[in-house]
Amino acid sequence: MLAVEELVVAYGRIQALRGVSLTIGRGEYVGVIGPNGAGKTTLLLALSGALPVAAGRIVLDGEDLARVPAHARVSRGVAIVPEGREVFGPLSVRENLELGAYHRRRTAPRAEVRADLEMVLDLFPVLRGRSRQLAATLSGGEQQMLAVGRALMSRPRLLLLDEPSLGLAPVVAAEILGALGRLHAQGLTCLLVEQDATLALQATSRSYVFRTGLVVAHGSSAELRRNPLVEEIYLGRAGSGAC
Amino acid sequence: MLSLLPLLVVNGVVFGAIYGLNAVGFSVMYNATNIINFAQGEFLMLGGMLTLLFYGDGRVPLPVAAAGAVLATTLIGLLIERAAIRPLWRRRAKDWTYIFMLFAVATVVPNAVMLAISRDAATFPAFSGTRPLALGPVTVAPQAFWVLGLTAVVALGLYGFFTHTLTGKAMKAIAVNRRAAAWMGIPVERMVALSFALSAGLGALAGVVVTPLITTQFNIGLPFTLKGFAAAVIGGLGNIGGAIVGGLILGVLEALSSAFVSSMYGDAVTYGILLVILLVRPSGLFRPLVELTEEEI
C-alpha cells in the first residue's frame, strides 16, 4: 500500500532522515520505535506533507506523494494524529470533528458524515457529552481521543499516529490504544510511532527501529521484543517514561 | 445643547456603524490569518473613489458603478494578498512583518489613487434622495438607513458564516493552527485569499454607503483604518457582533465628545475612554471568535 523509498528530510543542513525505506501492506499495523531524535516524528510529518522531502519517494498505491501538498494528501487517504494532538482549541469538539471531514464536503452525503460522527462518538463515548465544549477545555486524554476521532472523520486508508500515549495516564493510554486496535481489526491500516517500545511492540505486528535518521532493524514486533539491539537502544530508559 | 442629544446620538450611531463595518473587515482577516490589516481603511477609500470614477457624474447608473467598485476593490484585495502577503506567508514570516507590509500598501494605494483618479474631495448622490425623514425628535438622512441596514445585513451574514458554515469554521481553524488545518484538507492559501477578498469587499461596501454622507478623497483611508481597528479591539478582535458594538460605542462617544467637550479634543476624550475600557477588559468587551490559548501562542 505504502512504500517509502530512500527518504531524506532535512532541517536546514541537518538531515533528520538519511535515506529511510519502509513498506506498509494494506490492513497492517506497523510500528516505528526509536529514541528521541531518531527521526520518527519527522517521518510522519513528511508522510503527511507538513515537511518537504529533500530526496526519495513516498509511494501510496502507485502514486508518488512527495510533491503533493499537505491539504491534498488527506483526500488520498492519509490522515495523521499528530504529536501533541493539535486539536483546534477555540472550536468545539463537534466542530473539530466536522472539520475532520472537510475534504469530503463536496463528495460525501451529509447523512454519511453524520453517521461517521456517531461512529466516532460511539468509539469515544466521553466525547459525546462534551460535543459543544471547546476542545481546549478537554483533558489531555480527551483531546487525544478527539485528535483520533478527527482523523477518522476523513475516512483514512492509512492512519499515522504520533505518540498517542504521550503524557497520558496508563489507563487512558490503554483505552485509546484499545480503540485503535479495534479499528485495525476492522481493516484500518495504521502506522504507530512510539518512544515507548514495549507498548508499540505489543500493539503492532511489524516494526521498524529508527536511530539517528536511519532504519537500524526491522521485523516482526514479537521478534524485535527479544532483539538485543532494541534492548541496547533503550537501555536505561526502561521505566523512565517518555520525556 | 442637551436638546441636541438625540441628534448627536443618531449621528454617532450612523458613523459608528461605518466604523463597525470596517472593524468587521479587520475581524474577518484576523479570524483567518491572525493578521491585522493596516490597509483596511484603504478598501473603504477605494470603494468610494472607484464608484466616483465609474459613475462619472451619471454616465453609468450609480448602482452599477457601486457594484463595479466593490468588485474592483475585491480584486485589488486579492492582488494584494497574492503580491504582498503570500510570499511572506510561504516563508512563515513573523506577524509584525505583515503589519509593516500592509502599512506599505496603505501608503502606496492612496498615492496611486491620487495620481490615477483625482486629488480632490468629491461625493456622489445619496441612494434614495436627501429629503430627511422624521424619526421622533430628530430628522435623519435617508442614506443613514442604508448605512444601518447594510451593517445589520453584513453582521448577521458573517456571524452565520463563521458559526454555521464549514468554510467559516475552516477559516477559523487556519488562524488557530495552519498546519493542522492543512491536514484536514483545508486549502490554506485559498482560504487566506478568500479572507482578503471578503475584507476588501466589505471595506468597499462601507465606502460606497458612507460617501454620500461625507466627501471622499484619496487620503481618508488611514483615519478609518485607525477607527476600525479601535472598534475591533474594543469589541474583542475577531468577534463580529463585538466589532459592530465597538464601532457604535466609538461613533457615539466621538459625536458626544466633539459636541460637549470640543471638536479639538474630541479624539483625545474618545480614545481616553477607550483606553479605560481596555484597561478594565484587555481582550475587549466580547469574547473573540478565535481566542488563542497560551499554549497555541
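The values are calculated or read from the model by the stated rules, or taken from the named source; none is laboratory data. Keep in mind the model is a prediction, meaning the values are calculated, not measured. Don't worry about glycine lacking a Cβ; one is built from the backbone with ideal geometry, like all the others, and counts go over all protein chains shown.
For segment B:201-229, the set of residues classified as within 11 Å of the chain's Cα centre (by Cα) and buried (at least 24 other Cβ atoms within 10 Å of the Cβ) consists of B:202, B:203, B:204, B:205, B:206, B:207, B:221, B:224, B:225, B:227, B:228, listed by residue number. Residues that are among the small types (Gly, Ala, Ser) and more than 23 Å from the chain's Cα centre (by Cα) within segment A:83-114 comprise A:108, A:111, listed in sequence order. The residues listed here are B:41, B:20, B:58; of these, the one that is crowded, with 24+ Cβ neighbours inside 10 Å and either farther than 24 Å from residue B:101 by Cβ or charged (D, E, K, R) (or both) is B:20.
Check whether at least one residue in segment A:65-79 is surrounded by fewer than 21 Cβ atoms within 10 Å (Cβ to Cβ) and under 24 Å from residue A:182 (Cβ atoms), and report yes or no. Taking every residue of segment A:65-79 in turn, at least one turns out to be surrounded by fewer than 21 Cβ atoms within 10 Å (Cβ to Cβ) and under 24 Å from residue A:182 (Cβ atoms).
The residues of segment A:99-115 that are out of contact with any Ser or Thr (no Cβ under 9 Å at 6 or more places or on another chain) and crowded, with 18+ Cβ neighbours inside 10 Å, listed by number, are A:99, A:113.
Those residues that are of a type in the set (Lys, Arg) and in contact (Cβ under 8 Å) with a residue 24 or more places away in the chain, I need them from segment B:143-177; list them, please. If the condition is that a residue be of a type in the set (Lys, Arg) and in contact (Cβ under 8 Å) with a residue 24 or more places away in the chain, then B:172 is the only one that fits. Screening residue A:10 with (1) surrounded by fewer than 24 Cβ atoms within 10 Å (Cβ to Cβ); (2) within 15 Å of the chain's Cα centre (by Cα) gives one miss only, at (2). The residue list B:272, B:251, B:266, B:284 contains one member that is modelled with pLDDT of 90 or more and away from chain A (no Cβ under 14 Å), which is B:251. Scanning segment B:99-116 for residues that are farther than 10 Å from residue B:38 by Cα, of a type in the set (A, V, I, L, M, F, W, C) and in contact (Cβ under 8 Å) with a residue 40 or more places away in the chain turns up B:109, B:113, B:114. Are there any pairs with C-beta distances below 9 angstrom linking a residue in segment B:178-199 that is touching a residue at least 60 places away in the same chain (Cβ under 8 Å) and at the interface with chain A (Cβ under 10 Å from one of its Cβ atoms) to a residue that is among the aromatic types (Phe, Trp, Tyr) and assigned to a helix (DSSP H, G or I), with the two at least 6 apart or on different chains, and if so which? What qualifies is B:189/B:89. Restricting attention to segment A:66-83 and to residues that are over 16 Å from residue A:2 (Cβ atoms) and touching a strand residue (DSSP E or B) at 6+ places or on another chain (Cβ under 8 Å), the residue that is farthest from the other protein chains (Cβ to nearest Cβ) turns out to be A:83. Kindly provide the set of residues from segment A:201-228 that are more than 20 Å from residue A:177 (Cα to Cα) and not hydrophobic (A, V, I, L, M, F, W, C), ordered by number. Selection gives A:211, A:212, A:213, A:218, A:219, A:223, A:226, A:227, A:228. Residues satisfying the criterion are absent from segment A:21-38 (criterion: within 14 Å of chain B (Cβ to nearest Cβ) and out of contact with any helix residue (DSSP H, G or I) (no Cβ under 7 Å at 6 or more places or on another chain)). Selection over segment B:148-167 of residues that are within 21 Å of residue B:247 (Cβ to Cβ) and within 10 Å of chain A (Cβ to nearest Cβ) gives a count of 1. Among the residues of segment B:89-119, those identified as touching a Phe, Trp or Tyr at 6+ places or on another chain (Cβ under 6 Å) and hydrophobic (A, V, I, L, M, F, W, C) are B:99, B:102, B:103, B:106, B:113, B:114. Mind checking which residues of segment B:38-49 are aliphatic (A, V, I, L, M) and over 16 Å from residue B:126 (Cα atoms)? Scanning segment B:38-49 gives B:39, B:44, B:45, B:46. Of the helices (runs of 4 or more DSSP H) lying entirely inside segment A:1-119, those containing at least 1 residues that are touching a residue at least 60 places away in the same chain (Cβ under 8 Å) are A:40-48. The residues of segment B:222-261 that are in contact (Cβ under 8 Å) with a residue 24 or more places away in the chain and outside any helix (DSSP H, G or I), listed by number, are B:236, B:237, B:238, B:239.
Of the residues making up segment B:55-98, those that are within 20 Å of residue B:114 (Cα to Cα), over 22 Å from the mean Cα position of the chain (by Cα) and free of Cβ contacts under 8 Å to residues at least 24 places away in the same chain are B:56, B:57.
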